[in-house]
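Okay, structure first, notes after.
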Amino acid sequence: MKIIILGAPGSGKGTQADLIKKEFNLNHISTGEIIRAEIIKKSTTGLLIKKKILNGELIKDVIIASLLENYIKNNTNFLLDGFPRTLRQAIFLSKKNIKIDYIINIITRTETIIKRLKYRLISKNNNYNILYNNPKIKNKDDKTGTKLIKRSDDKFITIETRLIDYNKNNTKIITWYNNKTSTKIIDIKSEITISQIFNLIKNNIIK
Ligand code: AMP
């Protein structure tokens, strides 16, 4: 089974992705993670794209497509997270003959997103929020005790850039998949609880 999860930054996409991959036994492929790993490795691509990531800009379609290619070829069961982010990226998947069974489209109001991202703190594996999900000890991950940090692209100006990009591209991507009869689109409004969202997803996917 091949699933794509779409959602603006701060839509709760990452949380749902973790639940979905376990439930359906899928390989979780996150382009954001792939990119951050390239930056940490200081690879040629990593150095080239670092500034764009800090500014919250999308990196070029050809670069992200070539990074992704190795992860998707020969992979029959995956949950793709963070890709496609443009229509050209959706077309790239189609050209590679990758048929997507489901698109989970998480829809979130802009005010909600801004609130979540502005106050988000992260560790390697966990997300917190100063407004409604504070760690027990200030700036420390409850589970590992490591220091929490703000993501460098969670600054207000960067959030705005990311949201404008997201909305512009998301409509085109959804329209593209709407014309594909083999792909089912599951629209979910995200202003409900994590488990309510997850139940809606589960109820719409045939194992
Ligand atoms: P994410 O963790 O998915 O929010 O991704 C972090 C950053 O990586 C984004 O703000 C973009 O700069 C870049 N990025 C991730 N996926 C893509 C993609 N499919 N196309 C272009 N840029 C991407």
Phi to ³J(HN,Hα) by Karplus 6.51 cos²θ - 1.76 cosθ + 1.60 over the range 100-107, Hz, x for Gly, Pro: 9, 7, 9, 10, 9, 10, 8, 10
Length-normalised contact order for the chain - Cα pairs under 8 Å, 6+ apart - percent: 30
Cα gyration tensor shape for the range 146-207, rounded if a/c is under 1.5, else prolate or oblate: oblate
Set 42/96; 13/143; 51/136; 95/202; 13/115; 143/202 screened for pairs whose C-alpha atoms are more than 24 Å apart: 42/96; 51/136; 95/202; 143/202
Mean accessible surface per residue for the chain, computed with a 1.4 Å probe while every protein chain stays in place, in Å²: 58
Protein accessible area in the chain, 1.4 Å probe - carbon and sulfur %: 53
Relative contact order of the range 91-207, pairs being alpha-carbon contacts under 8 Å that are 6 or more residues apart, as %: 35
Of 140/168; 21/180; 124/207; 155/184; 2/172, pairs whose Cα-Cα distance is over 29 Å: 140/168; 124/207; 155/184
Of the trypsin sites (Lys or Arg not before Pro) in the range 1-54, those whose Cβ has at most 15 other Cβ within 10 Å and which sit in DSSP loop: 42
Positive minus negative residues near residue 127 (Lys, Arg vs Asp, Glu; Cβ under 12 Å): +3
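The values are calculated or read from the model by the stated rules, or taken from the named source; none is laboratory data. Quick caveat: nothing in here was measured; it's all calculated off a predicted structure. Neighbour counts run over all protein chains shown; Cβ positions are idealised from the backbone, glycine included. All accessible areas refer to the heavy atoms of the entire protein, side chains included, with ligands and DNA or RNA removed. Shrake-Rupley method; radii C 1.70, N 1.55, O 1.52, S 1.80 Å.
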